[in-house]
Amino acid sequence: MLSCRFGQNFAREYKYTVGQKITDEAMCLIQCIYQANKSFDKGPALEKAREHTEMIRVYVRLMHEFNQLSLKQFVEINQNIEDVSKQITAWESYSKKNQKNPPESSALM
């Protein structure tokens, strides 16, 4: 995970505060993705995943403003966050489409 790789260079005062929050949010994001993957109604888990993604974005922005991330690191992390966000959006669209048109039951055959 990028937060772990870049987090090693954070100053101590940020590593154990904002840096830890980034790691915690990333772990929650992974849990939400797992929950969405295993459940039929993916909406609630994907909503929580989106919230965690946005919180990671906020914390990363703070770390850049605290001069703990270079512009290059900030851009690289934000590109990855944007990729995750796009994937969640696509998954939400797919999930909503499939809930409107559920697969036909094999019991009718």
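Laboratory data are not the source of any read-out in this text; all were calculated from the coordinates shown. It should be emphasised that the depicted structure is a prediction, and the values quoted were computed from it without experimental measurement. As a convention, Cβ positions derive from the backbone with ideal geometry for all residues, glycine included, and neighbour counts pool all protein chains shown.
A few points about this structure:
- Pairs from Lys15/Lys86; Lys21/Lys86; Lys72/Lys96; Lys21/Lys42; Lys48/Lys72; Lys42/Lys72 whose Cα-Cα separation, in the structure shown, is over 32 Å: Lys72/Lys96; Lys42/Lys72
- The stretch between Glu13 and Lys96, if pulled fully straight at 0.36 nm per residue, gains 25.6 nm over its current Cα-Cα span.
- With the cut-off at under 17 Å, measuring from each backbone N in region 51-94 to a point 7 Å along the Cα-to-Cβ line of Gln31 picks out 51-56.
- Spin-label model, Gln87/Ser39: points 7 Å from Cα along the beta carbon direction are separated by 1.9 nm.
- Relative to the Cα centre, the charge distribution of region 2-96, modelled as +1 at Lys and Arg Cβ and -1 at Asp and Glu Cβ, gives a dipole magnitude of about 140 debye.
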